[in-house]
Structures are given as C-alpha cells and as structure tokens.
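Here's the structure, in structure tokens; my notes come after.
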Amino acid sequence: MILTELTFECFDNTTVDAVDRKLNGLMDALRYNGQVLGREFPILMQDGQFQLRVVCPDEDALQPKYHSPQVKRALQQLADACLTQPKVRLLGRDLNSEQAAPNASPSWQVLYTTFVHTCSPLRCGDTLLPIPLYRLPATFNGDHKSVVKWQTEWQACDELQMAGASDAEFAGLNEIQSPHTRLFQRGWDLRGRIEYLTGIPTYYYQYRVGGKDKDSELTRPCPKCGAAWRLDTPLHDIFLFKCEACRLVSNLSWDFKLT
Ligand SMILES: [Zn+2]
C-alpha cells in the first residue's frame, strides 16, 4: 500500500471548523469507496495550507476515474471552505502492509478479513492479495460503503473474540462463525452482489474455532447445505473447506492443526 500526502491550500479566509468538516467529509467518501484505508486521518495545519497523510491501496487509487459520485461531490464542496483541490504526492510504499492484487481477472475471489488487516476485504482467490474496492463497479448507491461497514463490524467482533477478556467474546465469535447471524448474512449477500457485478465466483469466509475433536472438525459438513466440502490441502494455508454451491470457504478449527 502506498503512503500518500494530500495538500489543500486556502484561497480566502476560512475557519478551522469549516475546513475540518469538509476534509473529514472528503476522507469519509474516499474511505467508503476504498480509495484510502484506515479510519484516522490527522490534519496538519501549516502556513495557510492543510496536509493529510493517508494510506492508499495502490499508486493509482486517487485518480479521478475511480471517484464515486460521493467523492466528486465532496471535492466540489471544498470550495465552500475556501480550499483548493488537493495536490497529491506519493511518498512511497508502506512496508507494514500488503501490496494490492494485480489488475487482472482472478479465477475466484473471497471476502476475507481479520482484525489486523486494514486493506480491502475482497481478496484474489489465486494469490490472496487484496483487490482495491474502487476497481469494482459500485456495490450499492454509488460506492462500497456497505462493504466497508461490514468489514469494520467483522473486525470489531474478531478483535473482541481474540482478546477473550469480556462477555462480548462469545457474542463476537458467534457473529463471525454462525451462518445464522445478521453479520454473516450481510457479508454473504455482499459477496453475491460482488459476484453479480464482476462475473467472478466470489466466496464468503466462515471463521471457525472450537469443536469437539480434530476428527469431527475434519469431517465437518458445509454449514449451509450440509454436504462434504473438505479439500485435500488448505488453500493459502487457511481454507481447508470450500463449498462451490454455497460459495463458502472455511478453516480447520483453529484449535487443531492439520499435521
Ligand atoms: Zn454448501
């Protein structure tokens, strides 16, 4: 991912409050379109200009051809706070984060995230590299807000259950593990929408931990259709189960090791 600096100049007197509102509106719009990642964007004020550092999925992320109607509107509204259009400077590759998938059609893709990942939750099935959301046609209402919101909630549940320090642990785990929860249903519906829009088979990831013993976990059936769905070897060292009919993948319960 690419660390990028955005600079906005003031062309007339303005207030910090107005600038703050317009810049945060723009960052929200960019985030909900997958053009910037993360949720916190410190704004530096210096000599009549404002600077933000953001992480973008790829070098071309802020090109106008990817802008959603929401981003275009937020850019137009900068003038209301007497701000110029942003100057964009690429600072370099962020060593802590993954590179984006090449811009090609994968044979399959998967909606997969964890609480430590800030990148796109849509992954190339062939390489598991993240596919920037702005490259896709809008999922709903002009951008990908519904996917970003789903990811934020999934990660919150994952963080709670990984921490294991509160009663919320089991509630969080249930949301990402049980096919009957609203979060699971929403994610599964989103993968269907993405499959429809891209024409690429798109899977949803079921998180799995616990279980009685290794043998019963190895023969665990697909949670949707009940069919056998185990693969010979895990894909990307994660997905040991894959149901083509239900478009689901899952791991061997993290309580057990394959070998
Ligand atoms: Zn199935």
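Each reported figure results from applying straightforward, stated rules to the coordinates on display, with no laboratory input. Just so you know, these numbers come straight off a predicted model, no measurement behind them. Every residue, glycine among them, receives a Cβ derived from its backbone with ideal geometry; neighbour counts consider all protein chains shown.
Of note:
- Net charge over other residues, Cβ less than 14 angstrom from the Cβ of CYS222 (K, R count +1; D, E count -1): +4
- Annotation for the range 32-92: trypsin sites (Lys or Arg not before Pro) lying in DSSP loop with at most 13 further Cβ atoms inside 10 Å of their Cβ are ARG39.
- By the rule of a second cysteine Cβ within less than 4.7 angstrom, the chain holds isolated cysteines at CYS10, CYS56, CYS82, CYS119, CYS124, CYS157, CYS225.
- Crossing angle, helix 145-163 versus the chain [Cα axis fit, 0-90 degrees, rounded to tens]: 60
- Nitroxide proxy distance, nm - points 7 Å out along Cα→Cβ at THR84 and ARG193: 3.8
- Rounded to two decimals, the Cα-based Rg/Rh of the range 1-47, with Kirkwood Rh, is 0.98.
- The calculated FRET efficiency for the pair SER216 and ALA156, based on their C-beta separation and a Förster distance of 35 Å, comes to about 0.75.
- Per residue, the convex hull volume that the Cα atoms of the range 182-259 enclose (Å³): 98
- Note on ARG186 and THR114: with the Förster distance fixed at 22 Å, the Cβ-Cβ geometry gives a FRET efficiency of about 0.80.
- Exceeding the 29 Å Cα-Cα cut-off - candidates LYS149/LYS242; LYS65/LYS224; LYS145/LYS224; LYS87/LYS145; LYS22/LYS149; LYS72/LYS224: LYS65/LYS224; LYS72/LYS224
- Annotation for ARG73 and GLU169: the two label points, set 7 Å from Cα along the Cα-Cβ direction, are 4.4 nm apart.
- log₁₀ of I(q)/I(0) at q = 0.12, 0.19, 0.21 Å⁻¹ - the range 109-250, Debye sum with one point per alpha carbon: -0.48, -1.21, -1.44
- Reciprocal mean inverse distance between Cα atoms of the range 2-93 - Kirkwood radius, Å: 13.1
- Its alpha carbons give the chain an Rg and a Dmax of 20.5, 70 Å.
- When only Cα pairs below 8 angstrom with a gap of at least 6 residues are kept, the chain shows a relative contact order of 16 percent.
- 3J(HN,Hα) along the range 195-209: 4, 4, 6, 9, x, 10, x, 10, 10, 10, 9, 9, 6, 9, 9 Hz, from the Karplus curve 6.51 cos²θ - 1.76 cosθ + 1.60 with θ = phi - 60°, whole Hz, x for Gly and Pro.
- J(HN,Hα) series, the range 109-122, from Karplus relation 6.51 cos²θ - 1.76 cosθ + 1.60, nearest Hz, glycine and proline x: 9, 9, 8, 8, 8, 9, 5, 8, 9, 9, 6, 3, x, 8
- A cut-off of 5 Å between modelled amide H atoms, ignoring neighbours fewer than 5 places along the same chain, links ALA101 with ILE131.
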